[in-house]
Amino acid sequence: MSKSITVNSRNYRLPSAPTIVVCIDGSEQEYINQAILAGGAPFLAQLKDVGTILAGDCVIPSFTNPNNLSIVTGVPPAVHGICGNFFFDKESGEEVLMNDAKYLRAPTILAELARADMRVAVVTAKDKLRALLGHGLQGICFSAEKADKVTRAENGIDDILSRTGMPVPSVYSAALSEFVFASGLSLLREERPHVMYLSTTDYVQHKHAPGTPEANAFYAMMDGYFSRYHELGAVLAITSDHGMNAKTDSVGRPNIVFLQDRLNQRFGADAVRVVLPITDPYVVHHGALGSYATVYLNDQAKLAETMEFIAAIRGVDEVMTRSTACERFELPGDRVGDIVVLGERLTALGSAAERHDLSRLTAPLRSHGGVSEQKVPLLVNRKLDGVAPARRLRNFDIFDLALNHAG
């Protein structure tokens, strides 16, 4: 039996102990630091002694779908094709969700491990990721959101509710992520998968800053599960799909640049189409507002003029052509607009004001998408061997660290 597999030109050793890779949606090191200072995360506090604490970069746009798929394929969006939660499909002429596995252009590490006779389990918070994460996977794959609908035929498991002792959580709750961890604990004890991938929701981080009671309680909950995974002998590797920042002024009012409105005023109503790749079915906590946008032009001759106009807007951090953005951020050129726009750290980008419902934002706006949310933690409960000090680490290196370098 082979002791390694090759996926997307990267080699991975087969695990010798149960290996759990966790993607904490919307996390950054400061959440962990504050939870440790508050005394609520003793397991994470001891990682400096028993494990390894590193940091890396997520992919841009710093959104959920492109980063989760980068993590489970080990490569950037230029290879796997998922460059947003939402994109403009030129073939159909429509803006569509990028949740269908037909948009995925590369195999996943998870599916290839299962093909190598490894027991593999995937638990994700929101169902939007399940089809992509489970593409080609022969194993367990389900979402907390639809936990009451799991079947052995469809998901590789049944009756997960009785095993966790939890009801189906609200999609807008911290409990949705807790259900992921409770499911992971049950699977680790009973099925003992060789590899598990657990992916949470960033509901808490969108609503609560690092160090707040709600954020500390959320990280304390996770810390408890991490400790139990560790005690059960698992190799545990933790990263995030992106960070999170406030997108407000000094008194908490949203800082938003409505790009479609500004461009319509300058160039006319039909000159450009602004697409926001953060858009997904769950917009209550962020109003479909992030720090990354793409712009499609009807008249390519207006490219330079349009870029110059956007660059002069207060709150815009960077403006670049498709080719520049795709080279810098390793994106698939056929799924990116003519112009890519990044917002400043405290600024969110919108399309037209009328397309965003902000009435349900009950806390100051916090969001992500730009380079200001790119730095994420890379934590492993083992000492790592053979990681070059000068190596630029990415969140999609987490399977490499867990399988190839964890002692």
* Asked: Does ILE278 satisfy the criteria of being within 21 Å of the chain's Cα centre (by Cα), within 30 Å of LEU342 (Cβ to Cβ) and not in a loop (DSSP other than H, G, I, E, B)?
  -> no
* To do: Give SER183, SER162, SER199, SER143 a once-over and let me know the one that is among the polar types (S, T, N, Q), open to solvent by less than 10 Å² (accessible area, probe 1.4 Å) and over 28 Å from ALA288 (Cα atoms).
  => SER183
* Filter result (in contact with a strand residue (DSSP E or B) (Cβ under 8 Å, 6 or more places away or on another chain), modelled with pLDDT under 90 and either in a helix (DSSP H, G or I) or open to solvent by less than 10 Å² (accessible area, probe 1.4 Å) (or both)) within segment 353-394 -> ALA353
* Asked: Can you tell me which of ASP100, ASP57 is more than 30 Å from ASP317 (Cα to Cα) and either touching a Lys or Arg at 6+ places or on another chain (Cβ under 8 Å) or in contact (Cβ under 8 Å) with a residue 24 or more places away in the chain (or both)?
  -> ASP100
* May I ask you to say which residue of ARG382, ARG322, ARG345 is under 20 Å from THR248 (Cβ atoms) and in contact with a Ser or Thr (Cβ under 9 Å, 6 or more places away or on another chain)? => ARG345
* Structure fact -> Over segment 187-196, the set of residues open to solvent by less than 10 Å² (accessible area, probe 1.4 Å) and assigned to a helix (DSSP H, G or I) is LEU187, LEU188
* Asked: Considering only segment 4-40, how many residues are of a type in the set (A, V, I, L, M) and part of a loop (DSSP other than H, G, I, E, B)?
  -> 4
* In segment 245-263, what residues are open to solvent by less than 50 Å² (accessible area, probe 1.4 Å) and in a helix (DSSP H, G or I)? -> LEU259, GLN260, ASP261, LEU263
* Asked: Of all residues in segment 165-179, which are at pLDDT 95 or above and open to solvent by less than 30 Å² (accessible area, probe 1.4 Å)?
  -> LEU176, SER177, PHE179
* Out of the residues in segment 124-140 that are under 17 Å from the mean Cα position of the chain (by Cα) and surrounded by fewer than 19 Cβ atoms within 10 Å (Cβ to Cβ), which is nearest to THR73 (Cα to Cα)? -> ALA131
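The values are calculated or read from the model by the stated rules, or taken from the named source; none is laboratory data. All values derive from a computational prediction rather than experimental measurement. Here the Cβ is made from the backbone with ideal geometry for all residues, glycine too, and neighbour counts use every protein chain on show. Accessible surface areas use protein heavy atoms only, side chains included; no ligands, DNA or RNA. Shrake-Rupley method; radii C 1.70, N 1.55, O 1.52, S 1.80 Å.
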